[in-house]
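First up is the structure itself, then whatever we jot down about it.
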Amino acid sequence: MTEPAAAAMSLALRRQPCMQFAGHGLVRLLARWSAGVALCCAAVGASAQGAAASAAPPPPPPTFDETKAGHLHRFAGFVEWPVSSFASADAPIVIGIVGAPGLHKELAQVVAGRLVQNRAMQVMELAEPKQGTAVHILMIGRGASKRAGEWVAAVKGRPVLVITDLPQGLERGAALGFIESEGRVRFEASVPAAEAAGLRLSSRLLPLAERVVK
């Protein structure tokens with residue numbers, strides 16, 4: 001081998017490691033760049049999802065029937081019935097509803113699987129006033145306004161909590177009456193009506209009422 005050829009070969013051997021090192025560095029650089037792009041895409045995706053979630057419309061407000069069903073469920077926890085009102089220690093609290101099929105449906109869903117005063121709750125849709133004597137709570141809806149007096153008279157003197165959403169409900173003989181004010185459902189309470197039925201309304205319930213008749 002001539003001297004010029006040997007010099008050229010020696011130069012090539014000296015350069016080869018540098019080329020290999022440069023190649024590995026380029027691979028690492030590309031890997032880092034790819035990872036950065038992936039993180040960027042993930043961040044953009046998360047931001048887009050967050051924006052979509054924030055742009056989703058809020059859930060609609062509860063209907064009057066849904067609100068009344070919630071109140072009826074809670075009312076049962078603020079009433080004291082005579083022990084003789086129940087056939088046994090674990091007998092359910094029976095709620096009878098007349099003239100309000102939508103409310104009957106909502107309340108049945110609310111009370112399902114729940115206990116109040118360590119008792120299950122049973123919801124019945126009533127058709128005749130005489131059926132009111134078999135319940136603990138009687139809800140008289142607006143669909144029964146023409147016979148409201150009959151329903152109240154059927155349970156008079158019995159331990160039945162009468163509730164209604166009819167206008168002037170307390171004056172009609174109900175112990176609790178729903179009223180709608182400014183788009184909200186509120187209630188009134190009559191202590192004398194509850195006491196006449198042999199019931200006691202909790203002192204924790206009365207301050208929540210819009211009006212209390214004593």
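Odds and ends about this structure:
- Projecting the Cα atoms of G99, V79, T67 onto the dipole axis of segment 64-213, where Lys and Arg carry +1 and Asp and Glu carry -1 at the beta carbon, places V79 farthest toward the positive end.
- Computed from the C-beta positions of Q168 and S203, the FRET efficiency with R₀ = 30 Å rounds to 0.75.
- Loop-resident sites, segment 183-213, for trypsin sites (Lys or Arg not before Pro), counting at most 15 other Cβ within 10 Å (DSSP): R204
- Amide H partners (placed H, <5 Å) of V123, local residues excluded: I95
- Using the Cβ-Cβ distance between R186 and S88 with R0 = 41 Å, the FRET efficiency computed as 1/(1 + (r/R0)^6) comes to roughly 0.70.
- Table column - 3J(HN,Hα) (Hz), segment 192-205, Karplus curve with 6.51, -1.76, 1.60, x for Gly and Pro: x, 5, 5, 5, 5, 8, x, 10, 10, 8, 5, 5, 7, 7
- Measuring between their Cα centroids, segment 58-87 and segment 151-188 lie 13 Å from each other.
- Summing charges over neighbours of V79, with a neighbour being any other residue whose Cβ is under 13 Å away from its Cβ, gives +2 when K and R count +1 and D and E count -1.
- For segment 99-166, trypsin sites (Lys or Arg not before Pro) are listed when DSSP marks them as loop and at most 16 other Cβ atoms sit within 10 Å of their Cβ; the list is R114, K156.
The numbers here are math on the coordinates, done by the rules we state, and not lab data. Every value quoted in this text rests on a predicted model; they were computed, and no experiment measured them. Cβ: placed from backbone, ideal geometry, glycine included. Neighbour counts: every protein chain shown.
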